[in-house]
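Heads up: the structure comes next, in structure tokens.
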Amino acid sequence: MQIRKIERTIRYSFVRLFLRLLAVVVYFIPLSFLRKLGVLLGKIFYKVSKYYRQLALNNLRVVFPQKNNNERRNILYKSTLFLGANTSDTLWFLVHSRRRKNLAYLENRKIIDDALKAHKGIIGITAHIGAFTILGGVLSEYGYPVNYILRTPRDEKMANVLGRGLRMQKVRPIFTKPAIRCVERSIEVLRNNEILIILIDQDAGSSGLFVKFFNRYTSAPAGPVILSLRTGANIIPMFILREQERHKLIVYPEFKIAHKENIERTIFDNTQNLVILLQDVIEQYPEQWSWIDRRWRI
């Protein structure tokens with residue numbers, strides 16, 4: 001156990017150093033070249049990372065059982081290239097604050113403006129799809145106060161790096177631990193009529209609800225529904241998708257809470273419906289979703 005902790009500390013130290021050096025270099029590299037480099041690294045990752053490639057293919061079998069192996073491999077290959085290009089775009093977005101609107105734009109802004117008129121805040125649900133790492137920054141560029149819930153890393157210094165990356169986008173991070181502080185802060189920003197971004201495609205473990213996600217049970221966060229019931233905040237699905245050289249942040253119509261016979265059923269059914277909504281987006285844009293996370297206990 002101690003050896004693993006030492007290995008993790010060393011690995012995180014290298015990652016932090018690499019990110020700091022990269023931030024300096026990126027400032028002087030044209031975006032077109034940076035993207036090519038990201039795509040190249042994506043190709044290398046696809047070739048050499050047997051563990052993640054197999055994990056992703058297992059996930060693809062769950063989601064697309066009707067497709068053959070070649071079709072699933074093609075989706076994964078394209079997804080890996082998108083991952084490389086989007087990582088490059090994220091780095092560029094962080095260091096070129098004055099040119100951010102050249103890279104991404106907001107669609108259906110009126111939905112956000114109308115929801116904020118209720119003065120109860122917005123719960124923006126999203127997922128690891130497209131350049132999700134700049135979603136909050138794009139909203140911030142349009143003048144919205146944005147907060148982003150992040151899973152707390154094991155390494156405290158890595159948490160500082162992730163938090164700094166969000167703050168560079170004028171987005172305030174809220175870490176999941178300590179849990180009480182996370183809930184308190186989330187309620188506070190909603191009552192201040194701000195936007196709270198929550199990723200709903202992460203395995204929520206014992207704290208989540210086991211719902212069907214592509215016909216297999218997985219633990220999904222109940223937080224969006226609970227917070228909406230408690231504060232009256234609107235739940236607005238939003239996903240940022242790549243369109244050739246730019247990114248489009250699509251804002252979907254408000255997710256309406258369906259009230260059931262009791263609070264437990266209300267929370268469960270609406271969490272399930274949010275996951276079904278996410279399924280539809282993934283089926284529509286499979287190459288843009290990240291397949292390399294363990295979302296089912298396969």
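Of the residues LEU135, LEU162, LEU139, which single one is open to solvent by 30 Å² or more (accessible area, probe 1.4 Å), under 25 Å from SER290 (Cα atoms) and assigned to a helix (DSSP H, G or I)?
After applying the criteria, what remains is LEU162.
Would you check which residues across region 119-140 are within 12 Å of ILE197 (Cβ to Cβ) and among the aliphatic types (A, V, I, L, M) and list them?
Result: ILE122, ILE123, ILE125, ALA127, ILE134, LEU135, VAL138, LEU139.
Pairs please, first residue from region 183-209 and on the phi > 0 side of the Ramachandran plot, second anywhere and part of a loop (DSSP other than H, G, I, E, B) and buried (at least 21 other Cβ atoms within 10 Å of the Cβ), Cβ atoms under 6 Å, 6+ apart in sequence or on different chains.
Cβ pairs passing all conditions: ASN193/GLY121.
If you go through region 168-176 one residue at a time, do you hit one that is closer than 28 Å to THR266 by Cβ and not hydrophobic (A, V, I, L, M, F, W, C)?
yes
State yes or no: is ALA104 in contact (Cβ under 8 Å) with a residue 12 or more places away in the chain and over 14 Å from SER140 (Cβ atoms)? Walk me through it before giving the result.
On the way: in contact (Cβ under 8 Å) with a residue 12 or more places away in the chain: yes; over 14 Å from SER140 (Cβ atoms): no.
So ALA104 does not fit the description; no.
Is there a residue in region 279-294 that is in contact (Cβ under 8 Å) with a residue 60 or more places away in the chain, open to solvent by 60 Å² or more (accessible area, probe 1.4 Å) and outside any helix (DSSP H, G or I)?
Scanning region 279-294 turns up at least one residue that is in contact (Cβ under 8 Å) with a residue 60 or more places away in the chain, open to solvent by 60 Å² or more (accessible area, probe 1.4 Å) and outside any helix (DSSP H, G or I).
Would you mind stating whether ILE180 is more than 20 Å from GLY137 (Cβ to Cβ), more than 18 Å from the chain's Cα centre (by Cα), open to solvent by less than 40 Å² (accessible area, probe 1.4 Å) and of a type outside the set (Lys, Arg)?
It is false that ILE180 is more than 20 Å from GLY137 (Cβ to Cβ), more than 18 Å from the chain's Cα centre (by Cα), open to solvent by less than 40 Å² (accessible area, probe 1.4 Å) and of a type outside the set (Lys, Arg).
Among (1) modelled with pLDDT of 95 or more; (2) more than 16 Å from CYS182 (Cα to Cα), which single condition is ASN147 missing?
Among (1) modelled with pLDDT of 95 or more; (2) more than 16 Å from CYS182 (Cα to Cα), the lone unmet condition for ASN147 is (2).
Any chance you could count how many residues in region 248-283 are among the polar types (S, T, N, Q) and closer than 16 Å to VAL62 by Cα?
Selection size over region 248-283: 1.
Only one of these conditions is not met by SER186: (1) within 26 Å of ARG109 (Cβ to Cβ); (2) open to solvent by 70 Å² or more (accessible area, probe 1.4 Å); (3) in a helix (DSSP H, G or I). Which number is it?
(2)
Would you pick out the residues in region 20-31 that are under 24 Å from the mean Cα position of the chain (by Cα) and either modelled with pLDDT of 75 or more or over 21 Å from LEU81 (Cβ atoms) (or both)?
Result: ARG20, ALA23, VAL26, LEU31.
How many residues are within 22 Å of TRP92 (Cβ to Cβ) and open to solvent by 40 Å² or more (accessible area, probe 1.4 Å) if we restrict to region 142-159?
2
Anything in region 105-131 that is open to solvent by less than 50 Å² (accessible area, probe 1.4 Å) and not in a strand (DSSP E or B)? List them, or say none.
The initial filter retains those residues of region 105-131 that are open to solvent by less than 50 Å² (accessible area, probe 1.4 Å), namely 106, 111-112, 115-116, 121-131.
Residues satisfying the conditions are ILE111, ILE112, ALA115, LEU116, GLY121, ALA127, HIS128, GLY130, ALA131.
Select from region 165-193 the residues that are out of contact with any strand residue (DSSP E or B) (no Cβ under 9 Å at 6 or more places or on another chain) and over 24 Å from GLY232 (Cβ atoms) and list them in ascending order.
Correct list: MET168, LYS177, PRO178.
Kindly check whether there is at least one residue in region 268-286 that is aliphatic (A, V, I, L, M) and at pLDDT below 95.
no
So, in region 224-271, exactly how many residues are without any contact (Cβ under 8 Å) to a residue 60 or more places away in the chain and assigned to a helix (DSSP H, G or I)?
Within region 224-271, the subset without any contact (Cβ under 8 Å) to a residue 60 or more places away in the chain is 225-226, 229-230, 243-245, 256-270.
Filter once more, so that each one left must be assigned to a helix (DSSP H, G or I): 225-226, 229-230, 263-270.
Summing the residues that are without any contact (Cβ under 8 Å) to a residue 60 or more places away in the chain and assigned to a helix (DSSP H, G or I) in region 224-271 gives 12.
Return the only residue of ARG73, ARG99 being closer than 30 Å to ARG294 by Cα and either of a type in the set (Asp, Glu) or open to solvent by 60 Å² or more (accessible area, probe 1.4 Å) (or both).
ARG73
The values are calculated or read from the model by the stated rules, or taken from the named source; none is laboratory data. Here the structure is a predicted model, which means the values were calculated and not measured. All Cβ positions, even for glycine, are placed from backbone atoms using ideal geometry, and neighbour counts span all protein chains on display. Just so you know, the surface numbers come from the protein's heavy atoms only, side chains and all, with ligands and any DNA or RNA stripped out. Shrake-Rupley method; radii C 1.70, N 1.55, O 1.52, S 1.80 Å.
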